[in-house]
Structures are given as structure tokens and as C-alpha cells.
């Protein structure tokens with residue numbers, strides 16, 4: 001295949017990012033502090049990326065007690081702390097990306113994270129980054145495409161947030177706006193993004209936003225309010241979520257890249273494990289689900305590989321003849 005006409009796209013958490021390094025510790029510590037023990041590392045790994053309400057049912061059954069609220073607070077704290085201290089890609093990922101680069105293939109990370117945050121974490125690993133769940137694309141370190149909210153869209157989303165009494169973080173090129181957050185949420189954002197990136201004015205271009213909720217009831221209210229506009233991607237029970245706009249998502253960004261680089265759909269490969277990766281699979285010829293992926297993604301995959309911790313990506317690249325097996 002012609003090297004300049006191939007693109008390989010990777011989801012982050014649970015696909016190339018070694019999330020379990022800190023996720024297992026975060027789950028175990030948070031659960032132990034609310035009196036829940038006896039879960040295995042394998043069980044924790046299988047929970048990564050699942051919606052919070054599924055975590056609650058798995059760990060607590062139908063018990064909606066104060067334990068659940070305490071667990072939500074603790075898992076958020078330990079997850080963020082662990083991510084900052086221990087986040088890293090899986091063994092062999094750097095070498096694999098270098099091999100793809102040497103062949104002249106284009107490689108992209110696809111994430112809901114802010115562009116400045118994603119660039120800091122992954123900018124040196126790949127050709128480009130699809131951030132903001134599709135609405136902002138970086139290529140070779142520079143902005144290739146962006147789809148900012150119009151003033152009417154911003155006003156609409158702010159009205160909806162106020163209606164649901166929800167906090168939010170709006171994302172721009174290099175800043176993040178805090179909107180109606182409590183003190184703890186602001187402190188957590190300062191730790192994760194850096195206080196220099198946080199602002200208080202809704203001026204300029206914004207591309208996406210995270211939302212913050214206080215309880216499961218609050219979460220369900222949020223989902224109902226935005227059901228016609230957004231796909232909600234919960235952050236595993238940490239009281240926050242990112243969102244994909246229905247009118248332009250990860251798949252829309254991939255379609256843009258295929259057109260921009262004149263790459264045929266049959267030469268486009270996407271790796272994912274989560275619910276929101278279905279949008280990527282919609283636009284590529286080869287949708288590859290990790291062995292640890294959710295069932296709904298596996299149903300839409302053209303190939304299911306091994307788990308992320310069993311060289312699943314490399315095995316799939318060999319199977320698809322993208323790389324030559326050694």
C-alpha cells in the first residue's frame with residue numbers, strides 16, 4: 001500500500017495509554033475506604049471506561065447509600081492523582097509508532113481532551129491529534145482544522161447548563177474556562193491542567209466542554225437535558241464527563257482528514273475500546289476493537305484484537321498487513 005495514503009488512528013485510554021497503572025490503585029483505595037473489598041485487578045481493568053452508573057451497580061448493587069457519594073469523591077481524587085504521577089503508554093507503543101512513521105503512514109491520537117493538554121501528552125508520538133472529540137485537529141504541531149461554537153450555540157449550551165444547575169469547563173485553543181464550579185472542582189482542574197491555563201471569561205473561540213454533576217440523579221438530569229445535542233462520555237464516576245456534539249464528532253473529524261489527505265476509506269484504520277469510539281468506526285474501512293472493548297463496539301468492529309496489555313495493537317497491525325510481522 002502507498003505509504004502516504006494510509007492513516008492509523010488511536011483512542012487513548014484503554015488503547016495506547018496504560019490507564020490500569022493508576023486505575024487499579026484508584027479503584028481499590030476508594031472502595032476500601034468505603035468498606036468494599038474482595039475485587040480483583042481483572043475486575044478493575046474491565047471497569048475502565050464504563051459509565052459510572054454501571055460501576056455503581058457492579059460494586060454496590062442496588063444500594064444507593066452515602067457509600068456511593070463517598071466513592072465518587074474518592075475515585076475522582078485518586079484517579080487524578082494517579083494519572084499525574086503514573087500515566088504512561090503501553091510497552092512497545094513508542095517503537096510501534098516509530099515503525100509506522102518510518103513507513104510514511106500518518107498517525108493520529110483521537111481524544112476528548114483539550115488541544116493544549118493532548119499536545120503536551122502525545123504531541124511527540126504521532127503525526128497529529130484529534131482533540132475536543134473531533135472539533136479541533138492538530139497536524140505536525142499546528143492547527144489544521146477547528147470548529148468553534150457560534151455565539152448562538154454557546155448561549156444555548158450555557159442556558160442548558162444553568163437549567164440543570166451544572167458546572168462546566170469550556171475549552172479553547174490554549175485555555176479552559178471555569179463555569180459555576182465549586183472550590184474542590186476548581187482545585188482538581190488546577191492540578192490537572194495548570195492554573196495558567198484556566199480563565200474566567202467566556203470570550204474567544206471555544207470548541208467543547210466538560211460537565212460536572214453532584215449525584216446520580218444530577219447525572220440523569222444532565223443526560224436528559226442534552227439528549228438531543230450531545231453524546232455524554234462519563235469519566236468513570238469522577239463526577240465529570242466530556243461530550244461529543246451530535247452534529248460534529250470524532251467520525252466527522254476523521255472524514256475531514258481522509259478528504260484533506262486524499263486517503264481512501266479502505267486505507268484508514270482506527271483502534272478503540274469505548275462507547276464513543278463508534279463514531280470513529282463509522283468513517284474508516286478498518287475498525288479494530290481491543291479485546292477489552294465494550295460489547296457494542298466489538299459488534300461494529302471489522303476485527304477484534306487482544307487486550308491492550310497483550311500487544312493487541314501490534315497483533316492487529318500484523319493481521320491487517322499494516323506492519324510486517326517479525
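Read-outs: derived from the displayed coordinates by stated rules, not from any lab. None of the values given here were measured: they were computed from a predicted structure. Cβ coordinates were reconstructed from backbone atoms using ideal geometry, including for glycine residues, and neighbour counts include every protein chain displayed.
Have a look at the DSSP beta bridges in the chain and tell me what percent are antiparallel, nearest 5.
Details: 26 of 47 bridges.
So the antiparallel bridges in the chain amount to around 55 percent.
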**Q.** Order of 290, 211 - criterion: other Cβ atoms within 10 Å of each residue's Cβ, fewest first
**A.** 211, 290
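Among 299, 228, 311, which comes first, second and so on when ranked by fewest other beta-carbon atoms within 10 Å?
Working: 299 12, 228 7, 311 18.
Going from sparsest to densest Cβ surroundings: 228, 299, 311.
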(Q) Could you check the spin-label model distance between residue 205 and residue 140? Points 7 Å from the Cα along Cα→Cβ, value in nm. (A) 1.9
Q: Would you work out the relative contact order for the chain, in percent, from Cα pairs under 8 angstrom that are 6 or more residues apart?
A: 19
Q: Figure the gain on full extension for residue 186 and residue 227 (residue separation times 0.36 nm, minus the Cα-Cα span) and round it to one decimal in nm.
A: 12.1 nm
**Q.** the range 104-200: C-alpha gyration tensor shape, a/c 1.5 cut-off, then a/b vs b/c
**A.** oblate
Q: Please order 131, 252, 146, 201 by the number of other Cβ within 10 Å, starting at the fewest.
A: 201, 146, 252, 131
Q) In whole angstrom, how far apart do the alpha carbon centroids of the range 263-282 and the range 284-314 sit? A) 10
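If you take every DSSP beta bridge whose two residues both sit in the range 202-326, what share of them, in percent to the nearest 5, is antiparallel? Spell out each step's value before the answer.
On the way: 8 of 14 bridges.
The antiparallel fraction comes to roughly 55 percent.
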Q: With a/c under 1.5 counting as rounded, go ahead and sort the range 169-225 into rounded, prolate or oblate using the C-alpha gyration tensor (a ≥ b ≥ c being the square roots of the eigenvalues; past the cut-off, prolate if a/b is larger than b/c, else oblate).
A: oblate
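Roughly what % of DSSP beta bridges within the range 109-177 run antiparallel, to the nearest 5?
Details: 10 of 12 bridges.
Here the antiparallel bridges make up roughly 85 percent for the range 109-177.
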